[in-house]
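Q: Structure below; questions to follow.
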Amino acid sequence: MKFDYIEEANVTMSDAYYSDRVSHQAFLTHVREAVDALKKLDVIKKALFYGRHAGEGMYMPHEHDIFVHRLHDDGPQAVRILHGIIGLATEAGELLEALAKSVEGETLDRVNLVEECGDVQWYIAALLRVLHVEFDDVHRINIAKLRKRFPNKFTEYEANNRNIEAERKVLEAKPQGKPVVDIKDWKILKNRLVGTALNHPAFDGETDIMSGVMLAYDMEARIVETRNTTYRLVGDELKV
């Protein structure tokens, strides 16, 4: 089954929206502050990489240049990292500006939104070139981390009680496809698989689970596929 990052990511998206937690004015005030700060950073970006004049106060003759050597042993690669990170921040500023204008009453420009998403990916590509990592690797690593945090789907409890150490171990591991989990004492209820998982990566030891919606199953091969996991059926179906 083809790995679909957009759909995989959607599994861990919160559907909640607590509009009573932040006022309209407070939201706009902080968004505008962020936009203003990122516009200043955009001036710096264009001075560093496009040769434009940054304005007064941006360069002091007796001060050191930016310590890019701390980013990478190779100078040009260090500059790429600097460019990529600053670029991502400035593109975020443009997205925030579009958001603020829309919240204030303008129609959201969807064409521009797609354009900005493309610009964000351009800067990510610049970083990945230095890191020698492919987009697909980043996608799989990200989903593996999120599966560790949310074994089935997004929950507020798991979002607010993260196991950072466990997630770090996932990030440090070589990216893999969907985890393969053995399940015993299993039964199919409607379009879901329930039973006892023997080796689920999100839990220690045997754990009773209910799977996500089954996308495919092969009873001869004793395999069940969900969006996040491949299950191998151990023993016969539990008769209740």
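Q: Of the conditions (1) touching a Lys or Arg at 6+ places or on another chain (Cβ under 8 Å); (2) among the hydrophobic types (A, V, I, L, M, F, W, C); (3) at pLDDT below 95, MET58 fails just one. Which one is it?
A: (1)
Q: Please find, among ASP15, ASP36, ASP20, the residue that is free of Cβ contacts under 8 Å to residues at least 12 places away in the same chain and assigned to a loop (DSSP other than H, G, I, E, B). Break it down stepwise before answering.
A: On the way: ASP15 fails: free of Cβ contacts under 8 Å to residues at least 12 places away in the same chain; ASP36 fails: assigned to a loop (DSSP other than H, G, I, E, B).
One residue alone meets the criteria, ASP20.
Q: Go through (1) touching a Phe, Trp or Tyr at 6+ places or on another chain (Cβ under 8 Å); (2) more than 29 Å from LEU131 (Cβ to Cβ) and name the single condition LYS101 misses.
A: It fails just one condition, (1).
Q: Starting from region 126-142, keep only residues that are over 21 Å from PRO179 (Cβ atoms), then list their pairs with residues that are at pLDDT 90 or above whose Cβ atoms are within a distance under 6 Å, requiring at least 6 positions of separation or different chains.
A: ALA126/ARG80; ALA126/GLY84; LEU127/GLY84; VAL130/GLN77; VAL130/ARG80; VAL130/ILE81
Q: Can you find a residue that is β-branched (Val, Ile, Thr), closer than 30 Å to HIS72 by Cα and surrounded by 15 or more Cβ atoms within 10 Å (Cβ to Cβ) anywhere in region 163-183?
A: Yes: region 163-183 contains one or more residues that are β-branched (Val, Ile, Thr), closer than 30 Å to HIS72 by Cα and surrounded by 15 or more Cβ atoms within 10 Å (Cβ to Cβ).
Q: Based on what the data block shows, is LEU48 touching a Leu at 6+ places or on another chain (Cβ under 9 Å), under 21 Å from GLY87 (Cβ atoms) and not aromatic (Phe, Trp, Tyr)?
A: yes
Q: For region 166-234, which fully contained strands (runs of 3 or more DSSP E) count at least 3 residues that are of a type outside the set (A, V, I, L, M) and free of Cβ contacts under 8 Å to residues at least 60 places away in the same chain?
A: Passing ranges, in order: 180-189, 192-197, 230-233.
Q: Let me ask something additional. Return a yes/no flag: does region 134-142 have any residue that is at pLDDT below 95, charged (D, E, K, R) and surrounded by fewer than 14 Cβ atoms within 10 Å (Cβ to Cβ).
A: Within region 134-142 (the criterion being at pLDDT below 95, charged (D, E, K, R) and surrounded by fewer than 14 Cβ atoms within 10 Å (Cβ to Cβ)), the answer is yes, since at least one residue qualifies.
Each row is one residue, and each column tells you yes or no for (1) farther than 30 Å from LYS178 by Cα; (2) among the hydrophobic types (A, V, I, L, M, F, W, C).
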position	(1), (2)
THR12	no, no
SER23	yes, no
ARG32	yes, no
VAL35	yes, yes
LYS39	yes, no
ALA47	yes, yes
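The values are calculated or read from the model by the stated rules, or taken from the named source; none is laboratory data. Quick caveat: nothing in here was measured; it's all calculated off a predicted structure. Backbone-built Cβ (ideal geometry, glycine too); neighbour counts: all protein chains shown.
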